[in-house]
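Working notes for the structure below.
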Amino acid sequence: MTEGTDTLRLVLGDQLSDNLAALDDLDPARDVVLMAEVRDECTYVRHHKKKIVLVLSGMRHFADRLRARGVRVRYTTLDDAENTHSLRGETERAIEALRPRRVVVTAPGEWRLQTDMAGWQQRFGLPVEILDDTRFLCGIRQFRAWAAGRSALRMEFFYRDMRRLHGVLMEEDGPAGGRWNFDAENRKRMPGGIVPPPPPAFPPDATTQAVMALVEEWFGEHFGSTEGFGFPVTGEEAALALDHFASERLAEFGDWQDFMRAADPVLFHALLSPLLNLGLLDPLVVCRTAEEAWRRGLVPLNAAEGFIRQILGWREYVRGIYWLHMPGYAHRNALGATRQLPWFYWSAETRMHCLARTVGDTRGNAYAHHIQRLMVAGNFALLAGLDPDQVDEWYLIVYADAYQWVEMPNVRGMALFADGGVMGSKPYAASGAYINRMSDYCGRCAYDVKQTVGPRACPFNALYWDFIARHAERFAANPRMGMPLRALERMAPERLQAVREQAADFLDRMDRGELV
Ligand SMILES: Cc1cc2nc3c(=O)[nH]c(=O)nc-3n(C[C@H](O)[C@H](O)[C@H](O)COP(=O)(O)OP(=O)(O)OC[C@H]3O[C@@H](n4cnc5c(N)ncnc54)[C@H](O)[C@@H]3O)c2cc1C
Ligand code: SF4
């Protein structure tokens, strides 16, 4: 293995795809694939333990799959005594050992790594080819071209272009069913009697169990636990998860996609983002599977369209926004938010039942669904004016599907409005009434969602009006903020003062570390 290496092909932890560009013209006789478990990647933020297990176990299984195809793999485990614990260091070590003619790698998904790799060719003194990541449905340059000259980058128009381009849910004369978007039929309040089928379980095999032990040993102080790990870790398992979703849960996905239930954090959601982002599933295959289920009459169009929009639309769009606006995007703080992240984002110790459940689910499963992320954890961070850097880091740590290219625009843009309106035309700010309408949390809360002022008043209510009042001037020119601003104007001055005092008192007590 030490002689005659032509190309060293580096495969990163979130590049576990058979159709990876860096493996395209692989010659098993002359090339070596390099994979490395390094401490730097596990600790640049202190990722949730289940997320590290998912990536490392996925890598080990992927390496086995390559070996079974006759590919030579140089694999560094975390506990290898020679491990330099950085990707650059492991590539350098492999170059010294194998003397390849060139290094090939697929472009990494994060700015941090891409900047580092840009200097590798000079450092290593041999060609380092960084190939476009072709596993997305919209390339980075393609998105740039789409964005050029547009004053507003609205997802809906991008999504329609992607539907046309890839021929997804299209009929001869336009979109299937005559409409691009079936949101009006989606997002209902779920009645009590509906029991969603649980997602399939994938009990850890011997490889995953070994990784779980390693992660507990090396990263014992990280958020969450390895206990109960049940994510798919191979392409075959991921395909089973997709099939199960398409046949058992997709039909009802659209109707209840925004509802939150304390006893069930998954409901009809797909649980596929960790697998898509790792490369175990291909986004076009996922979209085609949903479309096929509709064409065969197994699921209604509103469900298939609502789901496909998330992947063909939102997922590609946020990636485009990330690469369009980095590196400056990472420092955006349009609303000047500076408050420290409260401890209950880690401990779940709060009397606010919605937040206690969202953080509890997140800590237990490294997963929470979109509305928990956006309208509970994100909405609170927005209203309370939490520092975007700290909130950003929290989201990157806690979710198994979190990679900066997808996490950052969702957090800074969609949830915090810290990008000043690149992602959305108005902030997703809501009072307790929204959470009450779209969940069963409020019935079991120490606070009363109907009250805005007083010792039992739901904190989201006063914080909401305080947020609108704090930023009234900034939002005055935004037509989509007209309604809350007019309601604020109609509020009696004494009432507004009492509401703002309620918010200030709550935030003071939270900042002092009291149980709120
Ligand atoms: C504040 C915030 C942070 C988020 N951070 C992440 C993150 O780090 N990683 C991540 O993959 N998603 C993130 N999302 C998007 C979304 O919440 C998750 O993709 C989704 O909850 C994953 O669960 P699921 O597979 O059950 O999704 P479903 O609800 O079943 O949706 C299907 C698929 O659509 C895609 N999708 C849906 N919405 C989005 C979106 N806004 N952006 C990108 N893809 C989307 C995902 O791939 C998902 O698997 C975030 C959203 C918010 C509001
Ligand atoms: S009452 Fe307020 S704090 Fe309690 S669960 Fe409802 S929205 Fe959350």
Need a quick list: helices (runs of 4 or more DSSP H) entirely within segment 77-139 having at least 2 residues that are within 28 Å of Asp282 (Cα to Cα) and out of contact with any strand residue (DSSP E or B) (no Cβ under 7 Å at 6 or more places or on another chain). 111-118
Counting only residues in segment 114-131 that are under 13 Å from Leu10 (Cα atoms) and hydrophobic (A, V, I, L, M, F, W, C), the one surrounded by the fewest Cβ atoms within 10 Å (Cβ to Cβ) is identified as Leu131
If the requirement is being in contact with a His (Cβ under 6 Å, 6 or more places away or on another chain) and either farther than 21 Å from Val376 by Cα or aromatic (Phe, Trp, Tyr) (or both), which of these qualifies: Tyr464, Tyr441, Tyr447, Tyr434? Tyr441
Which of the residues that make up segment 315-353 are touching a strand residue (DSSP E or B) at 6+ places or on another chain (Cβ under 8 Å) and within 15 Å of ligand 1 (Cβ to nearest atom)? Ala337, Leu341
In segment 329-376, anything within 15 Å of ligand 2 (Cβ to nearest atom), buried (at least 23 other Cβ atoms within 10 Å of the Cβ) and small (Gly, Ala, Ser) is listed as Ala368
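Listed residues Val33, Val11, Val53; which is of a type in the set (Val, Ile, Thr), touching a Phe, Trp or Tyr at 6+ places or on another chain (Cβ under 6 Å) and buried (at least 20 other Cβ atoms within 10 Å of the Cβ)?
Matching residue, one of Val33, Val11, Val53: Val53.
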Any chance you could count how many residues in segment 419-443 are surrounded by fewer than 18 Cβ atoms within 10 Å (Cβ to Cβ) and either out of contact with any Lys or Arg (no Cβ under 9 Å at 6 or more places or on another chain) or within 30 Å of Ala330 (Cβ to Cβ) (or both)? 7
Mind checking which pairs have a first residue in segment 338-357 that is on the phi > 0 side of the Ramachandran plot and touching a residue at least 12 places away in the same chain (Cβ under 8 Å) and a second that is within 16 Å of ligand 2 (Cβ to nearest atom) and outside any strand (DSSP E or B), Cβ under 6 Å, 6 or more apart or different chains? Ala348/Ala356; Ala348/Val359; Ala348/Gly360
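Listed here are the residues, each with its yes/no results for (1) buried (at least 16 other Cβ atoms within 10 Å of the Cβ); (2) among the aliphatic types (A, V, I, L, M); (3) over 24 Å from Asp258 (Cα atoms).
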{"residue": "Gly139", "(1), (2), (3)": "yes, no, yes"}
{"residue": "Ala145", "(1), (2), (3)": "no, yes, yes"}
{"residue": "Ala148", "(1), (2), (3)": "no, yes, yes"}
{"residue": "Gly174", "(1), (2), (3)": "no, no, yes"}
{"residue": "Ala206", "(1), (2), (3)": "no, yes, yes"}
{"residue": "Gly220", "(1), (2), (3)": "no, no, yes"}
Residues that are of a type outside the set (A, V, I, L, M), closer than 24 Å to Gly413 by Cβ and touching a helix residue (DSSP H, G or I) at 6+ places or on another chain (Cβ under 8 Å), drawn from segment 105-131: Pro108, Gly109, Glu110, Trp111, Arg112
Helices (runs of 4 or more DSSP H) fully within segment 378-481 counting 2 or more residues that are touching a residue at least 40 places away in the same chain (Cβ under 8 Å) and either under 20 Å from Gly320 (Cα atoms) or within 10 Å of ligand 2 (Cβ to nearest atom) (or both): 379-384, 388-398, 404-408, 432-437, 459-470
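We did not get these values from a lab; they are worked out from the coordinates using the rules stated. Predicted model only: the values in this text are computed from it and were never measured. Note that we place each Cβ from the backbone using ideal geometry, even for glycine, and neighbour counts take in every protein chain shown.
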